Amino acid sequence: MSESMPKDYGFGSDEEMLRDLAGKLLDDEMPIEKLRQLVAADPATTYESGQLPGWDQALWKQCVELGWTGLAVPEEAGGVGVKMVGIAALVEEVGKHCLPSPLVATLNATYVLREAGSDEAITWLGRVADGTTATLAITDSTGAWEAERTDVAAAGNDAVTLTGTTYFVQDAFKAEIFLVSAKRGQEVLLCAVRSDAQGVEIRQDHIHDLTRDQATVAFHEVSVAAEDVISTAGAETLRCAWPAILTTVSADLCGTGEWQLQTTVEYAKTRKQFDRPIGFFQAVKHPLSNAMIEIDRARSLVYHAACCIDAGDPEAEKFARMAKSAASDAGRFVSDRSIQLHGGIGFTWECDVHLYFKRSMHNQALFGDGVHQRRHLANHTLGPIGN
Amino acid sequence: MAKLATEQLEFQEYARRWLEGNRPAPPTVRMPITPLEVMTIPQRDYLQDWQGKVYAAGLVGADYPTEYGGGGHEGFQRIANQEMGRAGTPMMINIVGLNMAAPTILVHGTEAQKKKFIPGCLSAEEIWCQGFSEPGAGSDMANQQTSADRDGDDWIINGHKVWTSLGHFAKWMILIARTSKAHKYDGLSYFLMPIEGHPGVTVRPLVKITGEAGFNEVLFEDSRVSDDCRLDDIGKGWTVAMTTLTYERGAAESAGGGGGDSTHPVQRLVNLAKESWRDGIRASDDPLTRDAIVQRAIVAEGLKQNARRARVPGLCEHPMRLPLQQKVTSSEFAQENARLGVEIAGARSTLYKLDEAAPDQGHWPLAYMNSYGHTIAAGTNEIQRNILGERVLGLPKSK
């Protein structure tokens, strides 16, 4: 650890207040009953009719007024410039409440704009701070996470025309702009494209998670003005933003995981079999202790990764991959136990645990699961294969 | 690491310089992996001599009050431990004295007891062992059968203690014994019991699965101990024992002990994988082995960050949630590392340490077998998971 790294991850009273306010707001405004009503009132509507999943736009407006879209925007660009550890703690609260919102998508796009650093990017950062929602459109049809891969081509020198399709775009129906990666020869460009621009076609993906939307976004000769080309070194920009993206999704996983743990613990305290609460039995108690251990490991790694990002530590990517690996695995384990230990009721639509199970499962895969992260980490720890 | 205060920086500099200038000659005999496995007199002498030297240099007991033989500082011991770990100097032999007896006596002892016992714990002049476990009192520790009966100013001890590490070198034992049969918990008292050459005390070796005689059983037959050696009140033994276990289980800052092999355990696995072959490729090129090693690296970093986060109250919703995990996570970390080392060594893991072809002097299979000492001792990890479920998560009690 370098000497400049704060012992407390930089988590001071400002960050604590921000987190606690978010928790309070969501406790009040997104209780589990309301969430169910919003996203899971009827499985037929959700999965068969292809309606967009619900979200609370009035609540989101409050969040924007509280500055949530500006959290990761530097103060000089008009944002709040909160430390990464504060953002992680706030996103945990969002995960704990399974909040459907464009927050994480917008944060991830913000990190990319921030790394691009161009005048064009700074202008867009200001708009995001003012409440414009954004999402990344950077994934090809195979679902690969490599920064160089894209199925979109850019033609032209200053202003460009985009042709092609991006896949697995998160909360595309909530985002007002897409940050699109596109190939121009060997270069990867990053372009800001309004979701209602001429030639943009958003096709809804049918997904399991009820707390977000996802889309395949096609670009049919979409014109992008020169001032909306925010980076011509897009692969490098994405790589620089990657630690923050991984850390944010990991924080959401820690939040859902903590809710799953606490909810299953409560059930184990109240559900009686053989004249005792089932939490008496070690076959129930020990897996819950193990789930806590895994979630805590992931949380500590998330805070460390966040702190390294704030400090500009060159090892931030390594620690963010560790965090995503630990958070994905912890999420998988606690999800598994949350269904199993609820028994028969846990297998039904009426029990809340599946909402969190699905959000967690989605986040485990997003930007690479544990195995994916460890394959990258192995090159760091052991050197490349055959070396 | 946050900025250290000036005097702490000076101490760090001093510790670094002292350790550089006083690095001991390498031992002429093979050293065990942990101090609890010190078996021979040459091993003991080497480690006892080293602890005496670092104590005299102020690197052990730095935070203890000066009137009890300490350095009278605050926050120095962590620095000394870090520096000893970094320098890779020998371990502290008096682990029971340092990490269990001294902190317990500091909390519960009389002024006279603190003055009499703590200096010898720190300097390793007096080696300590622990007498908590009995054949019928393992996980159910309060089921103590060893009795202490009052006889004037003395107590008469009768009973049988087991798994007594370092008993064969110990001058003293921290002992819990039953002073009343009427109450299970409140019938226990805590004694500082003389062992070495003491009438009525027999120390006999118990042989571990490795074939090494790592610990002992201790038999008491009408053995006397003065009432001066009772720690805290009659019937308070369980409470005092809980203090000891808090220190033993790592929930509090210990008084010293760095040393051993300073190579990071994950790096040792990487080194082993680079010189182990399977199907014509190095294990370090095998994707499954790579994944397994990286998993160890993630757990290692997680342990480190848990220790850091435990000191940030705003990021911990329950004060004991992280400290109570440490015994489980650190003992299983060591066990999984050793098990993976055995796996990577492949056919060569079959070789005992005396075989010259054994990788890392036969470290991996022995470390693996010895690791069960840590997953069982100080409350088995199953008991620890009960404690986590009950005390932190609030699940109903198993007993």
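Read-outs: derived from the displayed coordinates by stated rules, not from any lab. What you see is a predicted model, and the numbers here were worked out from it, not measured in a lab. Cβ atoms come from the backbone with ideal geometry, glycine included; neighbour counts cover every protein chain shown.
Charges on Cβ only, +1 for Lys and Arg, -1 for Asp and Glu, centred on the Cα centroid of chain B; of B:SER276, B:ASN158, B:SER331, which one is farthest towards the dipole's positive end?
B:SER276
Do any chymotrypsin sites (Phe, Trp or Tyr not before Pro) in region B:291-399 lie in a DSSP loop with no more than 11 other beta carbon atoms within 10 Å, and if so, which?
Listed in order of number, the matching sites are B:TYR352.
List the extent of the Cα atoms of chain A along each of their three principal axes, largest first, rounded to whole Å.
75, 54, 47
Please name whichever of A:PRO277, A:LEU288, A:MET30 sits farthest to the positive end of the charge dipole of chain A, dipole taken about the Cα centre and charges placed at Cβ: Lys and Arg +1, Asp and Glu -1.
Looking along the dipole axis, the top candidate is A:PRO277.
Quick one: putting +1 on the C-beta of Lys and Arg, -1 on the C-beta of Asp and Glu, what dipole do you get for the protein assembly as shown around its Cα centre, in Debye to the nearest 20?
Result for the protein assembly as shown is approximately 2020 debye, rounded to the nearest 20.
With charges set only on the Cβ (+1 for Lys and Arg, -1 for Asp and Glu), what does the dipole of region B:25-158 come to about its Cα centre, in debye to the nearest 20?
540 debye
Show me, for region A:173-184, the HN-Hα J-couplings you get by feeding each phi into the Karplus relation (A = 6.51, B = -1.76, C = 1.60, θ = phi - 60°), rounded to Hz, glycine and proline as x.
7, 9, 8, 8, 9, 9, 9, 9, 9, 9, 8, 10
Report the one residue of A:LEU246, A:ILE309, A:TYR356 whose Cα lies farthest in the direction of the positive end of the charge dipole of region A:235-382 (charges on C-beta: Lys and Arg +1, Asp and Glu -1; origin at the Cα centre).
A:TYR356
Using a 7 Å offset from the Cα along the Cα-to-Cβ direction at both A:GLU227 and B:THR110, what is the distance between the two label points in nm, to one decimal?
Taking the two extended label points, one gets 8.6 nm.
What list of ³J(HN,Hα) values in whole Hz, one per residue of region A:147-159 in order, does the Karplus curve 6.51 cos²θ - 1.76 cosθ + 1.60 (θ = phi - 60°) give from phi, with Gly and Pro shown as x?
Coupling constants for region A:147-159: 4, 6, 8, 7, 9, 10, 10, 10, 10, x, 9, 8, 6 Hz.
Rounded to whole Hz and in sequence order, give me ³J(HN,Hα) for region B:166-176 from the Karplus expression 6.51 cos²θ - 1.76 cosθ + 1.60, θ = phi - 60°, writing x for Gly and Pro.
Ordered by residue, 3J(HN,Hα) equals 6, x, 6, 10, 7, 8, 10, 10, 7, 10, 10 Hz.
Using Cα-Cα distances under 8 Å and only pairs 6 or more residues apart, what relative contact order does chain B have, in percent? Working shown, then result.
Numbers: 694 pairs, mean separation 53.9, N = 399.
Worked out over chain B, it gives 14 percent.
Considering only DSSP beta bridges with both partners in chain A, what is the antiparallel share in %, to the nearest 5?
Once the DSSP bridges in chain A are tallied, antiparallel ones form about 85 percent.
Would you mind getting the Kirkwood hydrodynamic radius of region B:287-376 from its Cα pairs, rounded to one decimal in Å?
Result for region B:287-376, one decimal place: 14.7 Å.
Averaged over peptide A:16-23, how many Cβ atoms belonging to another chain are found within 10 Å of each residue's Cβ?
Details: counts 4, 1, 0, 2, 1, 0, 0, 0.
Neighbouring Cβ atoms belonging to other protein chains average 1 per residue here.
Do any GluC sites (Glu not before Pro) in region B:1-75 lie in a loop, going by DSSP, with at most 16 other beta-carbon atoms within 10 Å of their beta carbon, and if so which? Provide the component values of the computation, followed by the final result.
Numbers: sites: B:GLU7, B:GLU10, B:GLU13, B:GLU20, B:GLU37, B:GLU67, B:GLU74; in loops: B:GLU74.
The qualifying sites are B:GLU74.
Report Rg(Cα)/(2.2 N^0.38 Å) for the protein assembly as shown, keeping two decimals. Don't skip to the answer; put the middle values down first.
Values: Rg = 29.9 Å, N = 786, 2.2 N^0.38 = 27.7 Å.
Dividing the Cα Rg of the protein assembly as shown by 2.2 N^0.38 Å gives 1.08.
At 7 Å along the Cα-to-beta-carbon direction for both B:ARG23 and B:THR202, put a label point, then send me their distance in nm to one decimal.
4.8 nm
In nm, give the distance between the simple-model label positions of B:ALA307 and B:MET242, each being 7 Å from the Cα along the Cα-to-Cβ direction.
Taking the two extended label points, one gets 2.6 nm.
Over region B:1-155, what is the mean sequence separation of C-alpha contacts under 8 Å (at least six apart), divided by residue count, expressed as relative contact order in percent?
On the way: 163 pairs, mean separation 32.7, N = 155.
The value is 21 percent.
Quick one: dipole size for region B:265-392, taken about the Cα centre, charges +1 on Lys/Arg Cβ and -1 on Asp/Glu Cβ, in debye to the nearest 20.
Dipole size: approximately 540 debye.
Taking Cα atoms, how many degrees apart are the long axis of helix B:6-21 and the longest axis of chain B, rounded to 10 and kept between 0 and 90?
Helix B:6-21 sits roughly 70 degrees off the main axis of chain B.
Starting from the Kirkwood radius over alpha-carbon pairs of region B:6-127, derive D by Stokes-Einstein at 37 °C in a medium of 0.692 mPa s and give it in µm² s⁻¹.
Roughly 222 µm²/s, to the nearest whole number.
If I fit a long axis through the Cα atoms of helix A:119-129 and take the longest principal axis of the Cα atoms of chain A, what angle between them do I get, 0 to 90°, rounded to 10?
That works out to roughly 40 degrees.
For region A:302-387, what D do you get in µm² per second when you plug the Kirkwood radius from alpha-carbon pairs into Stokes-Einstein at 37 °C and 0.692 mPa s?
The Stokes-Einstein estimate is 226 µm²/s.
Restricting to DSSP loop positions (anything but H, G, I, E, B) with no more than 14 other Cβ atoms inside 10 Å of their own Cβ, which trypsin sites (Lys or Arg not before Pro) remain in region A:255-315?
Here no loop site has a sparse enough neighbourhood.
Separation of region B:360-399 and region B:181-228 by C-alpha centroid, Å?
So the two Cα centres are separated by 23 Å.
Of all alpha-carbon pairs in region B:129-237, indicate the percentage at a distance above 16 angstrom.
Distances greater than 16 Å cover 54 percent of the Cα pairs.
Using Cβ counts within 10 Å as a stand-in for footprinting exposure, how do A:THR139, A:THR163, A:THR270 rank, fewest first? Walk me through the numbers before you get to the answer.
Values: A:THR139 22, A:THR163 17, A:THR270 10.
Ascending number of Cβ neighbours within 10 Å: A:THR270, A:THR163, A:THR139.
Could you compute how fast region A:242-387 diffuses translationally, taking Rh as the Kirkwood radius over C-alpha pairs and applying Stokes-Einstein at 4 °C with viscosity 1.567 mPa s? Give it in µm² per second. Before the final figure, lay out each step's value.
On the way: Rh = 16.0 Å.
Here the translational diffusion coefficient equals 81 µm²/s.
Distances longer than 20 Å among the Cα atoms of region A:13-129: what percent of all pairs is that?
The proportion of pairs with Cα distances above 20 Å equals 47 percent.
Using just the Cα positions, wrap region A:76-118 in a convex hull and report its mean projected area in square nanometres, one decimal place.
3.4 nm²
Over chain A, what is the mean sequence separation of C-alpha contacts under 8 Å (at least six apart), divided by residue count, expressed as relative contact order in percent?
Result for chain A is 16 percent.
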